[in-house]
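Remarks on the structure that follows.
The values are calculated or read from the model by the stated rules, or taken from the named source; none is laboratory data. It should be emphasised that the depicted structure is a prediction, and the values quoted were computed from it without experimental measurement. Here the Cβ positions follow ideal geometry from the backbone for every residue, glycine too, while neighbour counts run over all protein chains shown. Heads up: the accessible areas ignore ligands, DNA and RNA and are worked out on the full protein's heavy atoms, side chains in. Shrake-Rupley method; radii C 1.70, N 1.55, O 1.52, S 1.80 Å.
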Amino acid sequence: MNRRSFIRSFAMPFAAMAFLTALAVPAAAEKITLKELSRYLNTLTTAEADFTQINSDGSIATGRIFIQRPGRVRFEYAPPDNNLVIAGGGQVAIFDAKSNQPPEQYPLSRTPLSIILDQNVDLARAKMVTGHSQDGNTTRVRAQDPEHPEYGSIEMVFTAAPTELRQWVIRDDSGAETTVILGEMKKGAKLKASLFNISMATRQRQ
């Protein structure tokens, strides 16, 4: 796994669409406002869930995600991948299970995922949201860093009553897309700081 793969890893192929269609959600959900979506993300302090990742080449990976806002996330990929991605301390580290090299690192701010992990999410910020629509039972919001649109965009998919993040789609600067579909989220639990410690993970995987 390299940096481009990670930036992609967060396309809405038919498999993902079928998954969302099957979700048990209200039949006539209305489009969720940007104010409500911002409120929801800002109250999402910690969360963990299983995830399914559909890559731009159609391959599929699974694993467990841990989120601690602001600024921290951990993707543990299940076998046979056994890869690991950690964001913490303003950096993203990509651990490739097939490599003996140190993890590749770069600033979290250069990835669209930083929009979700920001200290104060404000989707009403000028030029941040480039798409806001209702799609059946879901609300879709496409956002980007208004100062650096070249970093790519993230399209988040929510259901209503109550508001819940169900998946995101990241498009990188080349136009490639990858989807992460979230399972049922366990929210509010205390997560160990070591989960997001890049230096510790580096030592453990040597």
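The table below gives the values:
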| quantity | calculated |
| --- | --- |
| Pair list, Cβ < 6 Å and 6+ apart or interchain, from the range 96-119 residues that are under 17 Å from residue 196 (Cβ atoms) to residues that are among the small types (Gly, Ala, Ser) and in a helix (DSSP H, G or I) | 108/114 |
| Within the range 126-140, tally of residues that are outside any strand (DSSP E or B) and either within 11 Å of residue 34 (Cβ to Cβ) or touching a helix residue (DSSP H, G or I) at 6+ places or on another chain (Cβ under 9 Å) (or both) | 4 |
| Of all residues making up the range 75-103, the number that are within 26 Å of residue 143 (Cβ to Cβ) and surrounded by fewer than 16 Cβ atoms within 10 Å (Cβ to Cβ) | 3 |
| Close pairs (6 angstrom Cβ cut-off, 6 or more residues apart or separate chains): over 17 Å from residue 117 (Cα atoms) and at pLDDT 95 or above in the range 140-161, of a type in the set (S, T, N, Q) and open to solvent by 10 Å² or more (accessible area, probe 1.4 Å) anywhere | 140/133; 159/138 |
| Flag if residue 50 is open to solvent by 60 Å² or more (accessible area, probe 1.4 Å), modelled with pLDDT of 95 or more and not in a helix (DSSP H, G or I) | yes |
| Test result for residue 38, at pLDDT below 95 and of a type in the set (Gly, Ala, Ser) | no |
| Every residue from the range 141-154 that is open to solvent by 20 Å² or more (accessible area, probe 1.4 Å) and not in a loop (DSSP other than H, G, I, E, B) | 142, 144, 149, 150, 151 |
